[in-house]
Amino acid sequence: MRKIFRTTTVLFLGLAVLLLIGINSKARALVVRALIRVGVYEPNVSGLKPKAAAITPNEPNAMKPMPDLLFRDADGKAVSITELRGKVIFLNFWATWCPPCIAEMPSINTLYNNVKSNGNIVFLMVDVDGNAGRSKKIMQKKQFNLPVHVPESSIPETIFRGTIPTTLIINKEGFIVFHEQSMADYSADHVKEFMLQLAGQ
């Protein structure tokens, strides 16, 4: 009985803190991470159903240019956004401890498998914790073949505000044509068609 009371108290305190810092997404992420680590917040990830992604290109005058960022893959190879100009980039910010990130990962893996033969499409799965080794192990455990990256430069808030998962699609000209700051289902045919259309096929 005392254990149930203690767990309930911690949970309500955690929710109260989340409400108080609801505007600051970075602080909210830190609190959720702490709750996960102490075992208070243990969602059934397999039961989550990501929402359908409304993938449509922005109007040309509303598209934002993607700043040049530097990432490093699991083998230590550096890659920059500028170097990828001329390719369509699927950029996903995630973390190994984030249930919504893991929940949407199968759909991203499906999309990757559907378009990976196209040399004009690149996937950057960026672990915001910067631990490429741990990320690679998660990918192997889940049997995903997504390429893992970590940030090597600071990321402006216009691109990533600390909310994970965050996904961007950047066209070949270097403009952001899609920006989602929550879970989404990327396995749908219209998403694949949108990526291929951007790639020129």
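Here are a few things to note about the model shown:
- Qualifying residue in region 114-127 (condition: open to solvent by 40 Å² or more (accessible area, probe 1.4 Å), modelled with pLDDT of 90 or more and in a helix (DSSP H, G or I)): yes
- Residue that is most open to solvent (accessible area, probe 1.4 Å) [pool: residues in region 182-201 that are polar (S, T, N, Q) and touching a Pro at 6+ places or on another chain (Cβ under 9 Å)]: Gln197
- Taken as a whole, region 186-193 holds no residue that is within 15 Å of the chain's Cα centre (by Cα) and part of a strand (DSSP E or B).
- Members of region 128-150 that are assigned to a helix (DSSP H, G or I) and among the polar types (S, T, N, Q): Ser135, Gln140
- Scanning region 164-175 for residues that are under 15 Å from the mean Cα position of the chain (by Cα) and open to solvent by 10 Å² or more (accessible area, probe 1.4 Å) yields one hit, Ile164.
- Among the residues of region 66-99, the one identified as basic (Lys, Arg) and assigned to a strand (DSSP E or B) is Arg72.
The values are calculated or read from the model by the stated rules, or taken from the named source; none is laboratory data. Remember, it's a predicted structure, so these values are computed and weren't measured experimentally. Ideal geometry is used to build each Cβ from the backbone, glycine not excepted, and the neighbour counts take in all protein chains shown. Ligands, DNA and RNA are excluded from the accessible area calculation, which covers all protein heavy atoms including side chains. Shrake-Rupley method; radii C 1.70, N 1.55, O 1.52, S 1.80 Å.
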